[in-house]
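J.: My structure is below; once you've seen it, I'll send some questions.
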Amino acid sequence: MYIEDVLIDEKLTELQNFYYGQNILITGGTGFLGKILLNKLFTACPGIDQIYMLVRQKKNSNVTKRLEEIFNDPIFDTMKMMKPKFRHHIISIPGDCMLPDLGLSHEDRRILIENVNIVFHMAATVRFDEKLKIAMQINATAARDIMLLCNEMKNLKSCLHVSTAYSYCPQARIEEKFYAAPRNTKNLILLTECAPDKLLDSMTPV
């Protein structure tokens with residue numbers, strides 16, 4: 001049976017009930033994990049209201065065109081059959097994790113604050129040789145900015161941060177707890193924002 005045709009008297013699972021009627025914000029939705037998440041949400045969770053996708057605009061492609069292009073991936077073939085009107089539930093939001101405050105306009109920020117219930121922050125750079133300034137901006141500063149945005153959301157139920165693959169590589173065992181940062185993050189962010197690129201490049205190996 002198509003998800004579009006779920007009967008009202010069918011009992012949803014606890015997880016499906018959690019997502020039913022909710023508005024979701026996703027960063028990093030155009031990447032590999034983001035596509036898997038989108039596919040799973042639409043095929044397994046009926047009744048999702050809107051999904052706001054933070055999409056970075058490129059020189060030769062605006063956010064709407066970029067969003068359309070990702071759905072050409074074969075991973076979405078089953079989703080398209082199960083929920084043929086899925087596109088009506090996706091809203092593209094221009095943004096960029098390399099910019100202050102995620103590059104959001106005042107109006108888009110207001111829309112997210114007023115409407116979003118669930119946040120998946122998946123945007124990251126996973127290059128092991130990324131320049132320190134870029135890595136800090138995308139993986140640390142943007143994560144801070146998304147949490148500041150979440151703090152303003154009026155109806156937030158959940159925020160999930162999908163960490164980069166090597167964040168806790170020094171740990172032999174990773175537990176479900178908060179770990180203290182090895183450095184003062186505010187000072188490190190300030191350093192990467194203010195120091196010249198050549199100085200940062202020379203410091204990075206150390």
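J.: When DSSP assigns beta bridges and you keep just the ones with both residues in the chain, what percent turn out antiparallel, to the nearest 5?
T.: Around 5 percent of the beta bridges assigned by DSSP in the chain are antiparallel ones.
J.: Filter the GluC sites (Glu not before Pro) in segment 143-206 to those in DSSP coil with at most 16 other Cβ atoms within 10 Å of their Cβ, and list the result.
T.: Working: sites: Glu152, Glu175, Glu176, Glu193; in loops: Glu175, Glu176.
Here the GluC sites (Glu not before Pro) that fit, given the DSSP loop and packing criteria, are Glu175, Glu176.
J.: Using the Cα centre of segment 60-142 as the reference point, and only Cβ charges (+1 on K/R, -1 on D/E), how large is the resulting charge dipole? Debye, rounded to the nearest 20.
T.: 140
J.: Past the 20 Å Cα-Cα mark, which pairs from Lys131/Lys198; Lys59/Lys80; Lys65/Lys154; Lys35/Lys131; Lys40/Lys83; Lys35/Lys65?
T.: Lys59/Lys80; Lys65/Lys154; Lys35/Lys131
J.: Please give the length that would be gained between Ile189 and Asp73 if that part of the chain were fully extended, namely 0.36 nm times their separation in residues minus their C-alpha to C-alpha distance (nm, one decimal).
T.: Residue separation times 0.36 nm, minus the Cα-Cα distance, leaves 38.1 nm.
J.: Starting from the 7 Å offset along Cα-to-Cβ, what nm value, one decimal, do you get for the label separation of Glu14 and Asp49?
T.: In this crude spin-label approximation the distance works out to 2.4 nm.
J.: Now for a different question. Where in the chain lies the longest segment free of trypsin sites (Lys or Arg not before Pro) that are both loop residues by DSSP (not H, G, I, E, B) and have at most 15 other Cβ atoms within 10 Å?
T.: 12-58
J.: For the chain, divide the Cα radius of gyration by the Kirkwood radius and give the resulting Rg/Rh value with two decimals.
T.: Working: Rg = 18.8 Å, Rh = 18.8 Å.
Here the Rg-to-Rh quotient is 1.00.
J.: Taking segment 40-136, which GluC sites (Glu not before Pro) meet the DSSP loop condition and have no more than 12 other C-beta atoms within 10 Å? All intermediate terms of the calculation are to be shown ahead of the outcome.
T.: Values: sites: Glu68, Glu69, Glu107, Glu114, Glu130; in loops: Glu130.
Filter output for segment 40-136: empty list.
J.: Next up: I'd like to know which of Ile118, Pro182, Leu102 lies farthest towards the positive end of the charge dipole of the chain, counting +1 on Cβ of Lys and Arg and -1 on Cβ of Asp and Glu.
T.: Most positive-ward Cα: Pro182.
J.: Given only helices, namely DSSP H runs of n ≥ 4 each adding -39500 (n - 2.57), what is the per-residue ellipticity at 222 nm of the chain, to the nearest 500 deg cm²/dmol?
T.: Computed ellipticity for the chain at 222 nm equals -10000 deg cm²/dmol.
J.: Treating only the Cβ atoms of Lys and Arg (+1) and Asp and Glu (-1) as charged, compute the dipole magnitude of segment 67-206 about its Cα centre; round to the nearest 20 debye.
T.: Dipole size: approximately 400 debye.
J.: Of Asn17, Phe42, Asn151, which is farthest along the charge dipole of the chain in the positive direction, counting Lys and Arg as +1 and Asp and Glu as -1 at C-beta?
T.: Most positive-ward Cα: Asn151.
J.: Another question, if that's okay. Mind checking the dipole of segment 32-89: about its Cα centre, +1 per Lys or Arg Cβ, -1 per Asp or Glu Cβ, Debye to the nearest 20?
T.: Charge dipole of segment 32-89: 200 debye, to the nearest 20.
Computed from the coordinates by the stated procedures, all read-outs in this text should not be read as laboratory data. Everything quoted here is computed from the prediction, not taken from an experiment. Methodologically, a virtual Cβ is constructed for each residue, glycine included, from the backbone with ideal geometry; neighbour enumeration extends over all protein chains shown.
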